[in-house]
Amino acid sequence: MTEAITTHDHPPAGIMRWLTATNHKDLGILYMSFGGLMFFIGGAFIMAVRAELLLPGLQLLSPGMYNQLFTLHALIMVFGAIMPFATGLNNYLIPLMIGAPDMALPRVNNWGFWILPFAAVLLLIPFFLQFFGIGSGASAAGWVMHNTSLDLQSGIGMDFAIFTIHLLGLSSLTGAINVVVTVLNMRAPGMTLMKMPLFVWAWLITAFMLILVIPVFSAAATMLLTDRHFGTHFFDAANGGDPILLQHLIWFFGHPEVYIVLLPAWGLIPHILATFSRKPVYGYRAQVYALWAICFLSFLVWSHHMLTSGLPLAAEVYFMYATMAISIPTSVLVFCWLGAIWRGAMTFETPMLFALGFVAHFGMGALTGMILPDVAVNAQYHNSYVIVSHFHYTFFGGGIFGMMAALYYWLPKFTGRMFDEKLGRLHFWLTVIFFNMTFIPQWFAGLDGMPRHIADYALRFSAMNFISSLGAFLLGLSQLLLVYIVVKCVRNGPKATGQVWEGAQGLEFTLPSPPPYHTFETPPLVK
Amino acid sequence: MKLIDAAIHDESVIKKRSIRLFCCSRRDGAASFRETGPIRKQLPLWFGMVFLLFVSGLACAQSIWDFQEPVTPVARDSITASVDFMRIIMGIYAAVFAIFAYSIFKHRKSSGARPGAFTGPGTKWQWALAISPFLLLIYIDYIWMGIPAFHAIAQMEDTRTAAEMVVKVTASQWKWQYEYPEENIKFVSTIATTQDQIHNRAAKGEHYLQEVDNPLILPTNKKIRILLTSTDVIHSWWVPSFGVKRDAVPGYLREMWVNIEKPGIYRGQCAQLCGSGHAFMPIVVEAMAEPQFKEWLAQKKAQGAAAESAAGKAWSREELMAKGDEIYNRICIACHQAGGAGLPGAFPALAGSKIVNGPFLDKDGRLIKDGHLDRVMNGKAGTAMQAFKNTFSDVEIAAIVTYERNSFGNHMGDMVQPAQVKALR
């Protein structure tokens, strides 16, 4: 770094630094901290849900409260925790990885972030208002709100949720546009598209997906709002509207959304596997094409979420075969992850453990996903705990494990300090054991016929729920260890080198740790 | 299956079952232990352990935990497909992660491995290895499992060919109405589990939350076409033993079919989040041989005729109050709560309510719009308060309105006769 750069290294002090932040690293930290905070709030909600499900009978919650809690859990985890955390990673890392001085649109970037806390507050306001006798609580209609008439019946919580969706959509759009503009315009000389790190590729594709589907979701939410308050009848069957139309619109958003959550993780896993195997990335081109293929297919399969809603036979057959096709590009990714570690010289630091844990658990989520599109079998699986188990293997086993791997991998880069490796490994093993203890029993409860979203269950499901709840409590508790590890690392971890990990590749590791406030003001030359 | 069927309502049994799960996992885990030698401080060993625990957990599914007993052709097909698919994915998982495990053990820095520098398949052999998984997947997806799946869907969706009987199911929050259009019989089926049992004030019965007052009665060995619709929100009719699940969508008539091959009682419940009573909307089907079914039909028809004549006679206040009390505690209580207290913000109270304590007929004997009787008969659009004239008999409507006007501290002193309701329909 030259003299000229360091003289600019004086952001405003105190809170103003964060409120007026336009620096991509500051915003990255803000996004990630917000995602982390929401991870624990969303987790707290589900602890209450699992406590209610520990034993048959209603012990703690009314069914209405129960429905609010799992709805909030899902909305917060998907839109509040995983997506903002992944956005934080892209903010911090994309400019470093492509040799750009900052994101292309720094002020839009600031706006995009500062919408989020307000959106979260908006979502939670009705939940707390109910304790003062105002309104009927937060939205209780599930995170995709796809039971249309139930949405129309709901109280103010639904309106708050709709406005939250608008705000979150705005935030995601600004973030996505920023990624596209940055990646397409600000790469260092010599950094051609096919030389970009896979994480950047994955985020570029994610950004395109967001730009395509967020307007659909916002439009559906707006139509729901006008149905509720302004006398339109898009979805209201009693007045000639179509309740299934809302399901189509929402799942047209909702299925790509699954990949929006997963693609950033798929992008960063090869980095970590390559680093700790001390090998170059395996099958780079194949992975880029596979990510594009998954992006393309994800727009063509939405109705596999509606296979029991009474689609015509032709549509059922089409959505079954189209969904099965996704297993092919996905298997390209898994094959490349295997290639990445094959004949490497592996070491097993915490990020590597989480990356391998990601592969093992996401693999299970992906394989169970191969069964689900079979329409005849789906009739049995749909809306049962089988689905709950399956998508937690993808969202937690894939999304969260991926984010954890990324956090441990780049934390020394962000903070300039190493974390406690022993505690990190402990955190990994606790997470693996209790994650499986939580979600394996749910699969069997589902096979046995337990539907989702129920506040109380028949006695035949008792044992599975008992184990699952215990697992969930321990899983929740063991995540507190992560807070301790991060705080300990930031406070007094030993100094990290610029390279951090022995085998680490990429432009971000050519910088000191933590990187200076402004980086790559003179773009590096990439060979 | 027996293990699952046994009622489990005390913790000791729960413990026994959970121990069984762990035993089953430990057995396989221990086996893997011996193969890989004594425990060293090697994390990948643990990694493999957890993986085996996971696989063995799923393997148990084949023997202990699985679908409920299938009793229709569709259910048998889907359990076969599910088990086959499960074996295939477990096979793929085991194969892929055996390679991962091998690599994790062999290619470690600590055992002196030197990293390769390849970035893709190099030799012909490697290319073949890289392509083969996709060919295998295409074969599994579109031929091995794909073709039987197509036939299974075609069979599942063929609701009309050779259908011998029609039953119409109308869902509403939180009950099912069953109708036999050819026999002119219809009745409502609601949960029989008491609030005391749900709130842990009374012991839970064997079929806790999966018991109803009036089960759906169906004949065995007959192709029965089931039509589904809903009066309010989307519900979903699911009996696991039948292998079919279909949403009941307001404004649409959906259909499916069952052919029950074995007499018995089959239990299921609503599978679509439909509001605060979602967990309390069970389905019980009693399948019986044709002669018994015919007998039941005749009995039900006789009851219907009796009810018809009952609507004609004048009812005393005590009779109406007693019947109203029973209906309130079975149905209305789900929203309006015990003592008519309601749930602030969600469901209005009936105690002291302006509607309940107001007039319900005008001076010409017509319904007053939004009066008490109008609200019960025609419901309120956009809320969980539905038009009960569709599901309640004249006697039931008269009883519930009379009951509400003279309970929870409401002292209207008046009453409604079934004959009045009949005239107002």
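For the range A:406-425, the set of residues classified as hydrophobic (A, V, I, L, M, F, W, C) and within 23 Å of A:TYR517 (Cβ to Cβ) consists of A:ALA406, A:LEU407, A:TRP410, A:LEU411, A:PHE414, A:MET418, A:PHE419, listed by residue number. In this structure, is A:LEU426 free of Cβ contacts under 8 Å to residues at least 60 places away in the same chain and in a helix (DSSP H, G or I)? Considered against the rule, which asks whether it is free of Cβ contacts under 8 Å to residues at least 60 places away in the same chain and in a helix (DSSP H, G or I), A:LEU426 comes out as yes. When A:GLN287 is tested against (1) within 30 Å of A:HIS146 (Cα to Cα); (2) within 21 Å of the chain's Cα centre (by Cα); (3) buried (at least 19 other Cβ atoms within 10 Å of the Cβ), exactly one condition is not met: (1).
Is it the case, given these coordinates, that A:GLY446 is touching a His at 6+ places or on another chain (Cβ under 7 Å), modelled with pLDDT under 95 and outside any loop (DSSP other than H, G, I, E, B)? Considered against the rule, which asks whether it is touching a His at 6+ places or on another chain (Cβ under 7 Å), modelled with pLDDT under 95 and outside any loop (DSSP other than H, G, I, E, B), A:GLY446 comes out as no.
Matching residues to (1) under 30 Å from A:THR519 (Cα atoms); (2) in contact with a Gly (Cβ under 8 Å, 6 or more places away or on another chain); (3) at pLDDT 95 or above:
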site: A:MET32; (1), (2), (3): yes, yes, yes
site: A:GLY36; (1), (2), (3): yes, no, yes
site: A:ILE41; (1), (2), (3): no, yes, yes
site: A:ALA48; (1), (2), (3): no, no, yes
site: A:ALA51; (1), (2), (3): no, no, yes
site: A:GLY57; (1), (2), (3): no, no, no
site: A:LEU60; (1), (2), (3): no, no, no
site: A:PRO63; (1), (2), (3): no, yes, no
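A Cβ distance below 6 Å, combined with a sequence gap of six or more or placement on separate chains, defines the contacts here; from the range A:447-469, residues that are closer than 19 Å to B:CYS270 by Cβ reach residues that are of a type in the set (Ser, Thr, Tyr) and in a helix (DSSP H, G or I) in the pairs A:MET450/A:TYR385; A:ALA455/A:TYR66. Restricted to the range B:339-390, and to residues there that are within 14 Å of chain A (Cβ to nearest Cβ) and in contact with a His (Cβ under 9 Å, 6 or more places away or on another chain), the residue that is surrounded by the most Cβ atoms within 10 Å (Cβ to Cβ) is B:PHE347. Applying the criterion of being part of a loop (DSSP other than H, G, I, E, B) and in contact (Cβ under 8 Å) with a residue 60 or more places away in the chain to the residues of the range B:371-391, the residue that is nearest to B:CYS274 (Cα to Cα) is B:ALA384. Within the range A:25-37, not a single residue is of a type in the set (S, T, N, Q) and in a loop (DSSP other than H, G, I, E, B). Is it the case, given these coordinates, that A:GLY339 is facing chain B (nearest Cβ under 7 Å) and either in a helix (DSSP H, G or I) or not β-branched (Val, Ile, Thr) (or both)? Here the answer is no, as A:GLY339 does not meet what is asked.
Here A:GLU349 passes the criteria (1) more than 20 Å from A:SER327 (Cβ to Cβ); (2) at the interface with chain B (Cβ under 7 Å from one of its Cβ atoms); (3) surrounded by fewer than 24 Cβ atoms within 10 Å (Cβ to Cβ) except the one numbered (2).
Residues are listed down the side, and each one gets a yes or a no for (1) more than 7 Å from every other protein chain (Cβ to nearest Cβ); (2) in contact with a helix residue (DSSP H, G or I) (Cβ under 9 Å, 6 or more places away or on another chain); (3) polar (S, T, N, Q):
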site: B:PHE100; (1), (2), (3): no, yes, no
site: B:ALA113; (1), (2), (3): no, yes, no
site: B:GLY120; (1), (2), (3): no, yes, no
site: B:TRP127; (1), (2), (3): yes, no, no
site: B:TRP144; (1), (2), (3): yes, yes, no
site: B:ILE147; (1), (2), (3): yes, no, no
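Please count how many residues of the range B:308-338 are modelled with pLDDT under 85, small (Gly, Ala, Ser) and surrounded by 14 or more Cβ atoms within 10 Å (Cβ to Cβ). Residues that pass the stated criteria total 3.
Residues of the range B:271-308 that are part of a helix (DSSP H, G or I) and within 14 Å of another protein chain (Cβ to nearest Cβ): B:HIS278, B:ALA279, B:PHE280. Do we have B:GLU206 as surrounded by fewer than 17 Cβ atoms within 10 Å (Cβ to Cβ), acidic (Asp, Glu) and facing another protein chain (nearest Cβ under 9 Å) here? The answer is yes for B:GLU206.
Applying the set (1) more than 30 Å from B:ALA334 (Cβ to Cβ); (2) surrounded by fewer than 21 Cβ atoms within 10 Å (Cβ to Cβ) to A:GLY135 leaves exactly one unmet item: (1). Looking at this structure, is A:TRP429 within 14 Å of another protein chain (Cβ to nearest Cβ), in contact with a Phe, Trp or Tyr (Cβ under 8 Å, 6 or more places away or on another chain) and over 30 Å from A:TYR385 (Cβ atoms)? Criteria not met by A:TRP429.
Scanning the range B:329-370 for residues that are hydrophobic (A, V, I, L, M, F, W, C) and assigned to a loop (DSSP other than H, G, I, E, B) yields B:ALA341, B:ALA346, B:ALA349, B:LEU350, B:ALA351, B:ILE355, B:VAL356, B:PHE360, B:ILE368.
The values are calculated or read from the model by the stated rules, or taken from the named source; none is laboratory data. Keep in mind it's a predicted model, so treat the numbers as computed, not measured. As a convention, Cβ positions derive from the backbone with ideal geometry for all residues, glycine included, and neighbour counts pool all protein chains shown.
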